[in-house]
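Peer 1: One structure, pasted below without further comment.
The values are calculated or read from the model by the stated rules, or taken from the named source; none is laboratory data. Quick caveat: nothing in here was measured; it's all calculated off a predicted structure. Here the Cβ positions follow ideal geometry from the backbone for every residue, glycine too, while neighbour counts run over all protein chains shown.
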Amino acid sequence: MKKKYSYLLPTFIGAALALGIFIGGKLHFNDTPERLFTTNSKKDKLNRLIDYIDHEYVDEVNTDSIVDVTINNILEKLDPHSVHIPKDEMESVTESMKGDFVGIGVNFYRYRDTIAVIRTVENGPSHKKGIKPGDRILMADNDTLYGGKIGEKTVINTLKGKKGSPVKLKVYRKEENRTFTVTLKRDIVPIKSVVAYYMLTPDMGYIKINRFAESTYKEFKKALRELQRSGAQKLTLDLRDNPGGYLGIAEKMADEFLKDGKLILFTKNKKGKINKSYATDKGSFEDKPIYVLINERSASASEIIAGALQDNDIGTIVGRRSFGKGLVQREMELGDGSAVRLTVSRYYTPTGRSIQKDYKKGNKDYYKKFTDRYHNGELVSVDSIKVADSLKFKTSKGKIVYGGGGIIPDVFVPIGSNEDEAVNSMDGGGFLNYFVFEHLDKNRKEYSGYTKKEFVQDFTVDDILFERFVDYCLNRGIRMGFYDYEDKIKLYLKATLAEQLFDPNTYAKIKSRGDDMLNKVMELDRPTFQQSEVEEIESQN
């Protein structure tokens, strides 16, 4: 059946967002667990019902599943961000928020029925033992990892383990047509949240952050220091598609840009208790131009940073209205390996505005509001954004800002056309990645002579590779105006090749040439900006 990518765009955006916004902030209760969870009649009532079902019901019933359903039903009646994390999901959620795990250090695809290595983590266990992109991992110790019945979760659990534990891999190297074994020791593998950083212009650095995990602030500081050593006197902080994470990490990052004593945010709980967070004198990028990129999928901790800077008249917020999550969650264990993230307070930006969207009509309506933004035109025109005078606030310098439903940027950049965004979704959704992997799998030797710098400067996606991609799409039922977007598709193909051959940073550098928001930043920073200047910078890196 034929597909039309543009028709799928609102659904794609909405589904991606609903998954991404699962991550929330984290604060601490003042009450102890004993005080919070003392016995009461409501708790006894639920316990007694479960006991009756366990012991007296006519059929065997999995009461664990009943409890899970009950928990989910209760949380759904609270707010969209109070959620239950089942036991079997806790490990992956914890690893994502911690920022590392213990494994063998490879990025891989489940390609057909085999584990195919995309690239190894630099200085990780597999990299040190000579595992290469394109290698197939057939076995780990005595566990077979190929075949249609082996799920990806099983593969991941097999390759992970305790730090220092040995694992013997059986590997097939296609380009040499040979199979060999290698024994390596599992080690800590970072899950990067600072996914790219580089010099955008001779005096402006760029940092892209995809979530706020425990490790994010350290990664950010390292990136910022390196950019400052390279001459960065200005910064573009890219928080697009960032669903948030730990509130405390966002506070630390905002502190880097705000002078001592400036209010970052304040929170208020059900008892009316207010906690205020102020900047310190530790900021290393104060009184310097900063541009913050946000879009409709920027939420939570991303909005805290954007709101703190905007309300303090620092920098320029560029992009589209953010998601609108002004609730703070705390994760609490339930005693069986599962947990809940429960909303414990609301946060407010320095001017006193709450940017939380209304959720009184339930979760379905809450997330539908996001796709409504697409249909009512506010992603295309700033004039279509609905604001209420009752939610109008003013900064110390007299700038008007609004609460309710996200951060409205200082400079609006519209979303692209349906087909323009369809190309973006092919990139973000992994479709381009699969095509590029298959291409490299057959033609890897053609790229072996390129250094990273040579590839960025000299490599061009030719018409042959472009036509192969068009055929690849057509064979999978995708129809669109490929030739109207030839330059953009070629740029994305080159960027994806760079990611699989080298690293995500090179991918980001190449892709930035076609980035409307980054181009807007450079226009704002210097109206006489020329794209050739960026290419000159890249040739020097």
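Peer 1: Does at least one position in segment 397-419 carry a residue that is in a helix (DSSP H, G or I) and surrounded by fewer than 23 Cβ atoms within 10 Å (Cβ to Cβ)?
Peer 2: Yes, there is a match, as at least one residue in segment 397-419 is in a helix (DSSP H, G or I) and surrounded by fewer than 23 Cβ atoms within 10 Å (Cβ to Cβ).
Peer 1: Can you tell me how many residues within segment 137-164 are more than 14 Å from residue 109 (Cα to Cα) and either β-branched (Val, Ile, Thr) or in contact (Cβ under 8 Å) with a residue 60 or more places away in the chain (or both)?
Peer 2: Residues that pass the stated criteria total 4.
Peer 1: Only one residue in 135, 187, 143 is buried (at least 18 other Cβ atoms within 10 Å of the Cβ), of a type in the set (Asp, Glu) and over 28 Å from residue 208 (Cα atoms), so which one is that?
Peer 2: Sole residue among the options that is buried (at least 18 other Cβ atoms within 10 Å of the Cβ), of a type in the set (Asp, Glu) and over 28 Å from residue 208 (Cα atoms): 135.
Peer 1: Same structure again: Among the candidates 342, 379, single out the residue that is surrounded by 15 or more Cβ atoms within 10 Å (Cβ to Cβ), assigned to a loop (DSSP other than H, G, I, E, B) and touching a helix residue (DSSP H, G or I) at 6+ places or on another chain (Cβ under 9 Å).
Peer 2: Selected residue: 379, the only one of 342, 379 that is surrounded by 15 or more Cβ atoms within 10 Å (Cβ to Cβ), assigned to a loop (DSSP other than H, G, I, E, B) and touching a helix residue (DSSP H, G or I) at 6+ places or on another chain (Cβ under 9 Å).
Peer 1: Also: Restricting to segment 281-304, name every residue that is of a type in the set (D, E, K, R), touching a residue at least 24 places away in the same chain (Cβ under 8 Å) and in a loop (DSSP other than H, G, I, E, B).
Peer 2: 282, 286, 287, 288, 296, 297, listed by residue number.
Peer 1: Could you tell me whether residue 342 is in contact with a His (Cβ under 6 Å, 6 or more places away or on another chain) and touching a residue at least 40 places away in the same chain (Cβ under 8 Å)?
Peer 2: Considered against the rule, which asks whether it is in contact with a His (Cβ under 6 Å, 6 or more places away or on another chain) and touching a residue at least 40 places away in the same chain (Cβ under 8 Å), residue 342 comes out as no.
Peer 1: Does at least one position in segment 480-493 carry a residue that is basic (Lys, Arg) and either part of a loop (DSSP other than H, G, I, E, B) or within 22 Å of the chain's Cα centre (by Cα) (or both)?
Peer 2: Checked against the condition, which is being basic (Lys, Arg) and either part of a loop (DSSP other than H, G, I, E, B) or within 22 Å of the chain's Cα centre (by Cα) (or both), segment 480-493 yields no hits at all.
Peer 1: While we're on this one: Quick check, is residue 103 on the phi > 0 side of the Ramachandran plot and at pLDDT 85 or above?
Peer 2: no
Peer 1: Would you be able to say whether some residue in segment 60-70 is touching a Pro at 6+ places or on another chain (Cβ under 7 Å) and not assigned by TED's automatic domain parsing to the domain that holds residue 300?
Peer 2: yes
Peer 1: Please enumerate the residues belonging to segment 143-157 that are closer than 21 Å to residue 185 by Cβ and either at pLDDT 90 or above or among the charged types (D, E, K, R) (or both).
Peer 2: 143, 145
Peer 1: Looking at segment 210-229, can you tell me whether even one residue there is over 27 Å from residue 297 (Cα atoms) and within 24 Å of the chain's Cα centre (by Cα)?
Peer 2: So far as segment 210-229 goes, yes, one or more of its residues are over 27 Å from residue 297 (Cα atoms) and within 24 Å of the chain's Cα centre (by Cα).
Peer 1: Just checking, how many residues over segment 58-71 are loosely packed, with under 14 Cβ neighbours inside 10 Å and not acidic (Asp, Glu)?
Peer 2: Adding up the residues that qualify gives 5.
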